[in-house]
Amino acid sequence: MPTFVPTIGLEIHAELKTKTKMFCNSKNDPLERRPNVNICPVCTAHPGTLPVINKEAVKHVLGVGKALGGTRADFSEFDRKNYFYPDIPKGYQISQYKYPLVSGGSLAGVAVTRVHLEEDTARSEHKDGYSLVDFNRSGVPLMELVTEPVIKDAETAVAFAKELQLLLWYLGASDANMERGEMRVEANVSVSSTDAFGTKVEVKNLNSFRSVSRAIYYEIERQIAVIEAGGEVVQETRGWDEMKGKTFSQRKKESSHDYRYFPEPDLPKLKLSEVLQFQELALPELPNEKRARYDRDFGLKAEDREMYIRDAALAGLFEGAMAHIGKESAVLVSNYITSDLAGLMRGSGGDTIPTTITHRRFAALMEMAAEKKISSRGAKDILAEMFIKGGDPEKIAGERGLLQKSDEGELLEVVRKIIGDNPKVVADYKGGKELSIQFFVGQGMKATKGGANPEVLKKLLIEALAKQ
């Protein structure tokens, strides 16, 4: 049996965060639930209206291009992509064809072909035998990113899409919420048992990372089964049925000439170097740079780094606390944030850090834990109280008797009594059963109601037992 190699390319659309739409002054509001509120004669294609380019949308795409390490076009233009559908009021979509804003670049090890700008379509709703069209989304700035066909498995495709979503968040270019349709993924999938590419099938309706993964897996297996049965894979567009877990045929796949592209006559050509300097676009710290810094400066494990990359509030608390405490405590601080604090947040049914936990007070708690002034159990209890009520951690520790006793003179009396009360265990220890020391430590913690510093207690016990 031949071995089939999949080839996958992605086309990802993301609605951009701008105040107004791509070619008019209608509000760009993805949260608007009332139909046909944010519309005007331009985005509903009234005769005689003229589009005007949204400069902020252009800057967003160029920012993405710079973050990808792509090449900004010096010359660019918009084109008319002609096709007829109820959600395209003009009968064409203003997009870009020959001269995209950005060419090349890479992300997460995947080469990018191009990034261009276009307008979104309206939204159709089908029910009870009829269809309705909401034009609120019509004309919203839409970035399209196309990868090279170099992806070989679903895992790599999902990893790329997730990393692009992160990049859009960090750049402030898009909220990229897949559930709301602000980021949509299409996968071009083919399989081949030779060095030549197989027949490409485009899979649409992928509105979650899980759907991206499942659809690619299914389509690879479907195409292999077609070829092995002696058939030929048809070049087409297929949809994804989440409930059935399979793709279904939608229409024959169009080629570029089917859209009859030609330059948009109502918009000016763009000489980008005259209006915007690519090198002057300021970029924030990007996800990969942040990962590298957290590894280099703090030595955090990968799971913690990823949590901070995706949750700006937790990352802010970590960095805010580290501003008040030595770097040697970074792992300790991170453990309490990603485990204990995150657990308290999940338990409360929320995803925000309460205002009762400030950077300075959290750092003070971590400093007490690092200096063994409180036990790990005590630190967890104090954090839980701070989460609900707030308060100074040292004051809470004092009021609840959680400050560890490290005074050797005071603990020595406890040690002598434990040893005197347990001659048999002393004999076991002297006979070579060194684990018996844990029994003594446990007794000491019990006698001090958990207040003893266990390390100091153990040291005193070992010294005292050596004299027996």
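The values are calculated or read from the model by the stated rules, or taken from the named source; none is laboratory data. Remember, predicted model here, so these are calculated numbers, not experimental data. Reconstructed Cβ throughout: ideal geometry from the backbone, glycine too, with neighbour counts over all protein chains shown.
From the list R305, R222, the lone residue that is modelled with pLDDT of 95 or more, within 30 Å of A342 (Cα to Cα) and not in a strand (DSSP E or B) is R305.
Results for (1) at pLDDT below 75; (2) more than 23 Å from S375 (Cα to Cα); (3) in contact with a strand residue (DSSP E or B) (Cβ under 6 Å, 6 or more places away or on another chain); (4) not aliphatic (A, V, I, L, M), shown as yes or no for each residue.
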position	(1), (2), (3), (4)
G409	yes, no, no, yes
V414	yes, no, no, no
I418	no, no, no, no
D421	yes, yes, no, yes
K424	no, yes, no, yes
K430	no, yes, no, yes
Q438	no, no, no, yes
Q443	no, no, no, yes
A447	yes, no, no, no
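Between S329, S339, which is polar (S, T, N, Q) and free of Cβ contacts under 8 Å to residues at least 24 places away in the same chain? The conditions single out S339.
Candidates G198, G245, G231, G299: the one that is out of contact with any Gly (no Cβ under 9 Å at 6 or more places or on another chain), within 29 Å of R180 (Cβ to Cβ), of a type outside the set (S, T, N, Q) and modelled with pLDDT of 95 or more is G245. Within the stretch 91-107, being in a loop (DSSP other than H, G, I, E, B) and surrounded by fewer than 19 Cβ atoms within 10 Å (Cβ to Cβ) holds for G91, Y97, K98, Y99, G104. Please work out which residue is nearest to Q235 (Cα to Cα), limiting yourself to the stretch 148-195 and to residues that are modelled with pLDDT of 95 or more, among the acidic types (D, E) and more than 17 Å from the chain's Cα centre (by Cα). Once the filter is applied, the top-ranked residue is E186. Considering the stretch 314-340 alone, what residues qualify as being closer than 20 Å to P354 by Cα and surrounded by fewer than 20 Cβ atoms within 10 Å (Cβ to Cβ)? Hits for the stretch 314-340 are A315, G316, E319, G320, M322, A323, H324, N335, S339, D340. Take the conditions (1) over 30 Å from Y217 (Cβ atoms); (2) touching a residue at least 12 places away in the same chain (Cβ under 8 Å); (3) surrounded by fewer than 20 Cβ atoms within 10 Å (Cβ to Cβ); L62 misses just one of them, which is (3). Is at least one residue of the stretch 177-188 touching a residue at least 24 places away in the same chain (Cβ under 8 Å), surrounded by 19 or more Cβ atoms within 10 Å (Cβ to Cβ), touching a Gly at 6+ places or on another chain (Cβ under 9 Å) and assigned to a strand (DSSP E or B)? Taking every residue of the stretch 177-188 in turn, at least one turns out to be touching a residue at least 24 places away in the same chain (Cβ under 8 Å), surrounded by 19 or more Cβ atoms within 10 Å (Cβ to Cβ), touching a Gly at 6+ places or on another chain (Cβ under 9 Å) and assigned to a strand (DSSP E or B).
The requirement of being in contact with a helix residue (DSSP H, G or I) (Cβ under 7 Å, 6 or more places away or on another chain) and of a type outside the set (A, V, I, L, M, F, W, C) is satisfied by P141. Go through the residues of the stretch 60-80 one by one and say whether even a single one is assigned to a loop (DSSP other than H, G, I, E, B), farther than 23 Å from Y170 by Cα, among the acidic types (D, E) and modelled with pLDDT of 95 or more. Yes, there is a match, as at least one residue in the stretch 60-80 is assigned to a loop (DSSP other than H, G, I, E, B), farther than 23 Å from Y170 by Cα, among the acidic types (D, E) and modelled with pLDDT of 95 or more.
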